[in-house]
Amino acid sequence: MAELKYNVEALFIEPMFRADIGAAITQKQIDFIKSLKMVQNQTNLISENLNIFEAPELENISNAIKMILDIYAEKVMGIEQSLYVTQSWALINKPGTGMHAHAHSNAIVSGSLYFTDMPEPSSAMIFDRSTGYRQLRFDPLKDKRNLYNTPVNIVVPKKNEVLLFSSRLTHLVQPNGSNEPRHSIAFNAFIKGTIGDLRDVSLLTV
Ligand SMILES: [Fe+2]
């Protein structure tokens, strides 16, 4: 038989948005975030204030995030409705601590912002393709991994970077292997506007 010709095409693909908002981050804002009262989360520390973008001190960062959510809604999601931040909080992973696998309920898009130098060695964010229990696992061979079959994808965040991703995606943060605290901000966003169709009886205004 002659050599078989075949083609593999993407049916769907998962986006992750990265943007540098360093221009919107001032030392004053960094000092403000670092001065927030932190409380124990599960393994890491979380700010007591869970709506930090509403603080007047963080107006610049908050506006930059709004701008990025507008771009994401228009260019990535291709929708006419807008996205707005529902909650926003600061996190500190002390040396040795990371964040267990989780997803963000009651949100459409979630994000994180890294406003300090990232400690070395870097602790990556790991996205998991599966959303829970897998009765059967056929993980691809290491050298055969690609976007179609990889079970996880590893993202190393950089200083001043915002990441946006679908809230339903399972993700975890590797333990901080450095001697410095690893700072970040996380936030959830939801859609605002009208979706669906009146005659389809699927109309919803949120
Ligand atoms: Fe998260």
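Bear in mind that the values in this text are calculations on the coordinates, not laboratory data. Computed from a predicted structure; not experimentally measured. Positions of Cβ are generated from backbone atoms using ideal geometry, with glycine treated the same way; all protein chains shown enter the neighbour counts.
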Next item on the list: State the answer as a single residue: which of Gln27, Asn146, Met99 lies farthest towards the positive end of the charge dipole of the range 16-205, with beta carbon charges of +1 for Lys and Arg and -1 for Asp and Glu, about the Cα centre.
Entry: Asn146
Next item on the list: Return the single residue from Asp31, Asp128, Asp70 with maximal mean-square fluctuation; model: Gaussian network over the chain, springs between Cα atoms under 10 Å.
Entry: Asp31
Checklist line | Amide hydrogen neighbours beyond the local backbone of Phe115, cut-off 5 Å, H modeled | finding: Asn160, Ile185
Note to self: So if a site counts as exposed when it's one of the GluC sites (Glu not before Pro), its DSSP state isn't H, G, I, E or B, and it has at most 13 other Cβ atoms within 10 Å, what's the longest stretch of the chain without one?
What the structure shows: 81-206
Margin query: At q = 0.22 Å⁻¹, what log₁₀ I(q)/I(0) does the range 124-172 have when each alpha carbon counts as one equal point scatterer in the Debye sum?
Written below: -0.92
Check: Label-point separation (nm) for Ala2 and Ser82, each offset 7 Å from Cα along Cα-to-Cβ?
Finding: 5.8
Item checked: With at most 13 neighbouring Cβ atoms within 10 Å, loop chymotrypsin sites (Phe, Trp or Tyr not before Pro) (DSSP) excluded, longest segment of the chain -> 13-132
Check: Hey, got the dipole for the chain? About the Cα centre, +1 on K and R Cβ, -1 on D and E Cβ, debye to the nearest 20?
Finding: 480
Note to self: Pick from Ile185, Ile30, Ile68 the residue whose mean-square fluctuation is largest in a GNM of the chain, springs joining Cα atoms under 10 Å.
What the structure shows: Ile30
Notebook entry, point to check: Given the C-alpha centroids of the range 34-57 and the range 72-151, what is the distance between them in whole angstrom?
Noted result: 20
Check: Which of the trypsin sites (Lys or Arg not before Pro) across the range 1-40 are loop residues per DSSP, with 11 or fewer other Cβ within 10 Å?
Finding: Lys5, Lys37
Next item on the list: Quote the Stokes-Einstein diffusion coefficient, in whole µm² s⁻¹, for the range 92-184, based on the Kirkwood radius over alpha carbon pairs, a temperature of 10 °C and a viscosity of 1.306 mPa s.
Entry: 110
Next item on the list: Convert 10 °C to kelvin, take the viscosity as 1.306 mPa s, use the Kirkwood radius over C-alpha pairs of the range 134-206 as Rh, and evaluate the Stokes-Einstein diffusion coefficient in µm²/s, rounded to a whole number.
Entry: 92
Note to self: I'd like the FRET efficiency for Ser35 and Ile71, computed as 1/(1 + (r/R0)^6) with the beta carbon distance as r and R0 of 22 Å, rounded to 0.05.
What the structure shows: 0.15
Item checked: Contour excess over end-to-end distance, with Cα ends at Lys192 and Arg129 and 0.36 nm allotted per residue -> 20.0 nm
Next item on the list: At most 14 other Cβ atoms within 10 Å and a DSSP loop assignment: could you name the trypsin sites (Lys or Arg not before Pro) in the range 71-168 that fit?
Entry: Arg129, Arg134, Arg137, Arg145, Lys158, Lys159, Arg168
Check: What do you get for Rg/Rh of the chain when both radii come from the Cα atoms and Rh is the Kirkwood radius?
Finding: 1.02
